[in-house]
Number of protein chains: 2
Amino acid sequence: MKNKFEISPTTRLRRSPFFEATVSEGVTGFYPYNNMLMPTGFGHPEEEYWRIINGVSMWDVAVERQVELNGPDASKLAQILCPRDLTKCREGQGKYVALCNHDGVIINDPILLKLSETRFWLSIADNNIVLFSRAIAAERGLNVNVFEPDVSPLAVQGPKAEDVIASIFGDWIRDLKYFWFKETEIEGIPLQVARSGWSKQGGFELYLMDNTKALALWNIVKEAGKPWDIGPGNPNMSERIESGLLSYGSDTDDQTNPFEIRMGNYINLEVPNDTIGIKALRKIAAEGPKRHQIGVILDGDTPSGVVAEWLDITQNDKTVGSMTSGVWSRRLKKNIGLGLINIDIKIGENAIVKTNNGDINCEFVDLPFL
Amino acid sequence: MKNKFEISPTTRLRRSPFFEATVSEGVTGFYPYNNMLMPTGFGHPEEEYWRIINGVSMWDVAVERQVELNGPDASKLAQILCPRDLTKCREGQGKYVALCNHDGVIINDPILLKLSETRFWLSIADNNIVLFSRAIAAERGLNVNVFEPDVSPLAVQGPKAEDVIASIFGDWIRDLKYFWFKETEIEGIPLQVARSGWSKQGGFELYLMDNTKALALWNIVKEAGKPWDIGPGNPNMSERIESGLLSYGSDTDDQTNPFEIRMGNYINLEVPNDTIGIKALRKIAAEGPKRHQIGVILDGDTPSGVVAEWLDITQNDKTVGSMTSGVWSRRLKKNIGLGLINIDIKIGENAIVKTNNGDINCEFVDLPFL
């Protein structure tokens, strides 16, 4: 997108409960996600980046909606939806899962949070998983309610996030393991505190469970973070690509299976046969995936804009894959991207990225970049 | 939304094939729809409105994606998805349908286009119906492919649209009945010509079947329309509310059934029992819906902005429903909206709309307004 355009008002787009707070902080842009708007910047991109790498940043990620599975068959439905062994998942534990359709194509990469034996949340990426999960529950005749609860995460990310969160909730949060969470409250605001977040710099997500208290929670975190120079931010395109984090819907297409995008380790082929997609996944695992996700480093050292559409990658004028996301890396001082590339193309090979500004040489590298 | 914010680039948002054409025409805003961006204005709102009412307007509505059902069981799947009798639907005929989930809650209001006994399109509003339909087909073990084909509609709307379309394709298009369509081509561009469109001013939709030819098609229509002073436009919020047209996702919530939103006439309760939601719809029909969609005319004659979130409507301090969309009517010279209101509240009654700028008196009226 070359220019700035208005995001026109419509009641189809729901507001984040943190919307007014982010406007006060000077939010400059958004993109749509789960029929909501996610902040994408606050006018100081350089500063916002280094705050995540070296300090602590707070993010409105209310767009990470929850799909609640609630009822006697919640546990059964969770295993039907998730091709990962959940038998050892404990209350208070989260698991990263590759939700798939019946063909083994990934349809989301949520964190599954087990609140109890009869209550789960899928903390989802951008896709209508309520619609899908309800349909499956109804088709299988399960006794479970599927709905979107009033839950909106606020992320606190960066190496100093733990100190900020401990100063609010106490030192017990230092013992939370990755993806584990605990219900608590602060000044009467109910929430789940989880060690998670869409960066590799460490941090927490506060799952706010009462949207009327969003501004109060924002201000508590902002105030507590002052000694560590906290500031507003958002999931950072540069940091997430450097860290090799997947963006479902950006780096996947209508054919992508988990083995192609480095999610094979989160698949258990021995889950029950009634798990959606497991038969297709077993076949793909046996035959081997046809593509793999690898890093792309482009020649040159002039920052180019964020890539807004998949770009063809060629060798000898033959398309070998696509660059699915691309951005300037502030640490590598190179334009980098994620490639979804034919499996026979290896790390270390060179190729051509077909950009709107002409052909650019590139090299394939291992992920993550950093 | 008070301010203008940037729509940040991401490969999650797909471009319309008409994107470059609309940029050349001076598009000023967008909103997201089916993970694409729909143009929402070209800088001359007054002129763009009257062009639809009195002349002819051309719209990039590529966001109206198609869900193709293709294969031996396509017809069976169509009837499973649609609680409307399709047994008499003929090839070349379209039908407006209320897709529902198993609870009888509307999940989309597409036009179903019957291309052949084994091939259907659902021309959808904003929701992931590929995901849903594939899940149902797989759960029921049907022999049918479900996918999004390379099809992008270009709408030509307004009282002079028929003359423009006839000048391109010939006078046979004057005999097309409402929602009927025919495959043809122009200068080698394959498309379906349908009498349809999201306005009540009459017109056609050209379902482009080769996205590489979008600019060529745009220019053919633009050139042909010159004698009738054609210009760029988009589905017009003012015209569609005046005409009482539903916006799925704007005027519906997670509980809305078709009987609440004037779609009862499109439901056939005698469709087979395996049609999704039909048992719930029969129950709702027997008990009667709890809400109804009616018109809201607000006091005052100062244009207010487009409503960006549902507004409470009260009588005697008790909430009786919501205004789900709202806009200034250029013909009525009033602020008007669609209300989703308790069934016991009747046309002619007065109430209060709770806006961000205070309470405003309103009256309930029949739909459409015009």
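The values are calculated or read from the model by the stated rules, or taken from the named source; none is laboratory data. Keep in mind it's a predicted model, so treat the numbers as computed, not measured. FYI the Cβ positions are ideal-geometry reconstructions off the backbone, even for glycines, and counts take in every protein chain you see.
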Quick one: would you say B:W50 is surrounded by fewer than 19 Cβ atoms within 10 Å (Cβ to Cβ), under 21 Å from the mean Cα position of the chain (by Cα) and not in a loop (DSSP other than H, G, I, E, B)? yes
What number of residues within the stretch A:181-198 are assigned to a loop (DSSP other than H, G, I, E, B) and either surrounded by 15 or more Cβ atoms within 10 Å (Cβ to Cβ) or in contact (Cβ under 8 Å) with a residue 40 or more places away in the chain (or both)? 4
Using the structure shown, decide if B:N127 is outside any strand (DSSP E or B), more than 21 Å from the chain's Cα centre (by Cα), outside the structural domain of B:N34 (by TED's automatic domain parsing) and of a type in the set (S, T, N, Q). no
Which of the residues belonging to the stretch B:269-313 are among the hydroxyl-bearing types (S, T, Y), within 30 Å of B:Y31 (Cα to Cα) and out of contact with any Ser or Thr (no Cβ under 8 Å at 6 or more places or on another chain)? B:T302
All-but-one check, B:W59 against (1) over 20 Å from B:S199 (Cβ atoms); (2) part of a strand (DSSP E or B), failing number (1)
Here the residues within the stretch B:150-180 that are in a loop (DSSP other than H, G, I, E, B) and touching a Lys or Arg at 6+ places or on another chain (Cβ under 9 Å) are B:V151, B:G158, B:L176, B:K177, B:Y178, B:F179, B:W180
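For (1) out of contact with any helix residue (DSSP H, G or I) (no Cβ under 7 Å at 6 or more places or on another chain); (2) farther than 20 Å from B:N35 by Cβ; (3) at pLDDT 95 or above; (4) among the aromatic types (F, W, Y), each residue gets a yes or a no:
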| residue | (1), (2), (3), (4) |
| --- | --- |
| B:E64 | yes, no, yes, no |
| B:E68 | yes, no, yes, no |
| B:A74 | yes, yes, yes, no |
| B:I80 | no, yes, yes, no |
| B:P83 | no, yes, yes, no |
| B:G92 | yes, yes, yes, no |
| B:L99 | no, no, yes, no |
| B:D109 | yes, no, yes, no |
State yes or no: is A:S322 closer than 30 Å to A:E48 by Cα, hydroxyl-bearing (S, T, Y) and surrounded by fewer than 21 Cβ atoms within 10 Å (Cβ to Cβ)? no
Kindly state which strands (runs of 3 or more DSSP E) lie completely within the stretch A:283-359 and contain at least 1 residues that are more than 13 Å from chain B (Cβ to nearest Cβ) and touching a residue at least 60 places away in the same chain (Cβ under 8 Å). A:291-298, A:318-329, A:334-342
Hey, can you tell me all the residues within the stretch B:98-121 that are more than 12 Å from the chain's Cα centre (by Cα) and among the hydrophobic types (A, V, I, L, M, F, W, C)? B:L99, B:C100, B:V105, B:I106, B:I107, B:L112, B:L113, B:L115, B:F120, B:W121
State whether one or more residues within the stretch B:352-361 are among the hydroxyl-bearing types (S, T, Y) and touching a strand residue (DSSP E or B) at 6+ places or on another chain (Cβ under 8 Å). yes
Please work out which one of (1) in a loop (DSSP other than H, G, I, E, B); (2) surrounded by fewer than 18 Cβ atoms within 10 Å (Cβ to Cβ); (3) touching an Asp or Glu at 6+ places or on another chain (Cβ under 7 Å) is the condition A:P272 fails and give its number. (3)
Could we say that A:G158 is touching a Ser or Thr at 6+ places or on another chain (Cβ under 7 Å) and over 23 Å from A:N268 (Cα atoms) here? yes
Going by what's in this entry, would A:L99 be described as more than 14 Å from every other protein chain (Cβ to nearest Cβ) and either in contact (Cβ under 8 Å) with a residue 12 or more places away in the chain or over 30 Å from A:F5 (Cβ atoms) (or both)? no
Filtering the stretch B:11-21 down to residues that are more than 10 Å from chain A (Cβ to nearest Cβ) and buried (at least 19 other Cβ atoms within 10 Å of the Cβ), which residue is farthest from A:M237 (Cα to Cα)? B:A21
Mind checking which residues of the stretch B:230-255 are closer than 30 Å to B:Q293 by Cβ, away from chain A (no Cβ under 13 Å) and part of a loop (DSSP other than H, G, I, E, B)? B:S243, B:G244, B:L245
When residues of the stretch B:249-267 are limited to those that are touching a helix residue (DSSP H, G or I) at 6+ places or on another chain (Cβ under 9 Å) and more than 21 Å from B:K346 (Cα to Cα), the one modelled with the lowest pLDDT: B:D254
Can you pull out the residues in the stretch B:206-229 that are in a loop (DSSP other than H, G, I, E, B) and either in contact with a Pro (Cβ under 9 Å, 6 or more places away or on another chain) or aromatic (F, W, Y) (or both)? B:M209, B:D210
What is the number of the single condition among (1) facing chain A (nearest Cβ under 7 Å); (2) in a strand (DSSP E or B) that B:L37 does not meet? (1)
Count of residues meeting criterion [crowded, with 22+ Cβ neighbours inside 10 Å and not in a helix (DSSP H, G or I)] in the stretch B:69-83: 3
Restricted to the stretch A:22-33 and to residues being surrounded by fewer than 20 Cβ atoms within 10 Å (Cβ to Cβ) and in a loop (DSSP other than H, G, I, E, B), the residue farthest from the other protein chains (Cβ to nearest Cβ) is A:E25
When the stretch B:135-160 is examined, which residues are found to be closer than 16 Å to B:V61 by Cβ and within 10 Å of another protein chain (Cβ to nearest Cβ)? B:E148
Scanning the stretch B:102-117 for residues that are part of a strand (DSSP E or B) and under 21 Å from B:A135 (Cβ atoms), which turns out farthest from the other protein chains (Cβ to nearest Cβ)? B:L112
Mind checking which pairs have a first residue in the stretch A:118-134 that is within 12 Å of chain B (Cβ to nearest Cβ) and a second that is surrounded by 23 or more Cβ atoms within 10 Å (Cβ to Cβ) and part of a helix (DSSP H, G or I), Cβ under 6 Å, 6 or more apart or different chains? A:L131/B:F132
Answer yes or no as to whether B:I80 is β-branched (V, I, T) and not assigned by TED's automatic domain parsing to the domain that holds B:Q157. yes
